[in-house]
1. Determine by what factor the alpha-carbon radius of gyration of region 164-263 differs from 2.2 N^0.38 Å, reporting the quotient.
2. Suppose we keep just the alpha-carbon trace of region 114-229; what are its Rg and Dmax in angstrom?
3. Counting other beta carbons within 10 Å of each residue's own, what order do 315, 80, 138 fall into, fewest first?
4. Separation between the residue 236 and residue 68 pseudo-spin-labels, each 7 Å from Cα along Cα→Cβ, expressed in nm?
5. Let me check against my output: what whole-number percent is the relative contact order of region 248-365, with C-alpha pairs under 8 Å and at least 6 apart?
6. Which FRET efficiency value, to the nearest 0.05, is calculated for residue 327 and residue 186 with the Förster distance at 30 angstrom and r the Cβ-Cβ distance?
7. Mind grabbing the base-10 log of I(q)/I(0) for region 207-365 at q = 0.14 Å⁻¹? Debye formula, identical points on the C-alpha positions, no solvent, two decimal places.
8. Taking neighbour counts of Cβ atoms within 10 Å as a proxy for exposure, in what order, fewest first, do 235, 248 appear?
Amino acid sequence: MKQKERRPAQKKTSGPSGETRRDDRAGRPAKPVAQSVVAREAARQSAVPAAAARPLTTRSGERPTERVPVILESLGAGDFHLIDSGDGQKLEQYGPYRIIRPEAQALWRPSLAPQIWEKVDAVFTGDTDEEGTGRWRFPKAALGETWPLNLLGVDFLGRFTSFRHVGVFPEQIVHWSWMKDQVERAGRPLKVLNLFGYTGIASLVAAAAGAEVTHVDASKKAIGWARENQALGRMEKLPIRWICEDAMKFILREERRGSQYDIILTDPPKFGRGPNGEVWHLFEHLPLMLDVCREILSPQAAGLVLTAYSIRASFYSIHELMRETMRGAGGAVESGELVIREAGLDGNTPGRALSTSLFSRWVPK
């Protein structure tokens with residue numbers, strides 16, 4: 001299964017199983033080609049075929065304790081911060097560039113004056129639906145496709161993609177910081193699995209902290225971007241396996257092999273279609289994905305992290321699923337939302353919180 005654009009030309013492009021994802025985060029076409037009813041049903045029957053022989057595990061024992069709601073908030077980090085938001089848009093700073101992108105959840109009016117919003121380097125225009133494509137307008141001067149950025153000490157390239165995304169989802173810095181801390185405090189090399197890894201920033205953060213990383217994404221373009229980011233940061237010698245494959249197929253094979261990981265990050269799309277006709281539907285296939293992820297967690301695991309974008313659901317839906325999945329494992333499940341708080345022009349003036357996604361995270365204690 002592929003990951004988002006979450007990247008190269010993609011929150012929603014390639015899906016866990018396939019080539020396109022509707023909550024597109026990589027730049028591939030988000031709308032699948034029309035099919036006949038027969039063809040759609042055939043594709044549906046072929047979705048994650050390996051899963052048919054792998055029923056859900058019957059779990060027993062107490063469910064983990066719960067911490068809800070948990071709001072994980074970022075005021076910005078490194079070369080990124082949210083300047084302002086409102087009227088269905090957000091004004092962001094990415095390194096040297098000030099950017100405007102659509103944001104449906106910004107229901108309020110902007111705090112800053114119109115003239116500040118007018119002094120930007122790039123504006124995403126065209127189709128503002130998450131499933132559609134558009135284009136970038138550069139008011140000051142034409143800009144190249146990429147530019148250098150840094151988060152948590154990792155260098156990478158920002159990108160102007162046709163799906164409004166810029167090669168990074170900065171709200172996930174809270175997950176990456178948590179992971180970095182776990183790796184650095186472990187006293188041993190932790191094994192990290194990054195499913196739907198997109199442009200590889202989380203993988204690079206984990207590897208730089210001392211982890212052995214397996215990065216999985218079904219998009220060849222996203223894998224190429226991730227390798228490019230690795231080279232930019234002169235991190236070629238870090239222990240990262242770059243796997244271009246359907247995520248569900250990969251973890252099912254890892255389960256059969258008896259492979260284990262100490263931290264698993266998974267960020268599946270709402271919908272995805274694979275190169276071999278595989279189909280991914282979040283609400284249908286997420287229970288099995290988490291079930292398999294539990295089976296490949298090591299006995300000394302530090303955590304299992306799930307992020308969900310662009311779904312019409314309460315965080316409680318994935319929270320209760322995570323608690324059921326981790327029955328008998330002890331620890332705690334903490335769930336809620338990832339938000340980015342406005343930071344003003346100077347990057348240090350807290351304003352309103354903009355919700356970006358739902359999350360659920362199991363930790364051993």
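1. Details: Rg = 13.1 Å, N = 100, 2.2 N^0.38 = 12.7 Å.
Here the answer is 1.04, to two decimals.
2. 16.6, 52
3. Values: 315 19, 80 23, 138 13.
The order, fewest Cβ neighbours first, is 138, 315, 80.
4. 4.8 nm
5. Numbers: 189 pairs, mean separation 31.2, N = 118.
Reported as a whole number, the value is 26 percent.
6. Numbers: r = 25 Å, r/R0 = 0.85.
Once rounded, the FRET efficiency stands at 0.75.
7. Evaluating at q = 0.14 Å⁻¹ gives log10 I(q)/I(0) of -0.86.
8. Values: 235 17, 248 28.
By the 10 Å Cβ count, ascending: 235, 248.
Values in this text are rule-based calculations from the coordinates and carry no lab data. Worth saying up front: this structure is predicted, and the values here are computed from it rather than measured. Cβ atoms come from the backbone with ideal geometry, glycine included; neighbour counts cover every protein chain shown.
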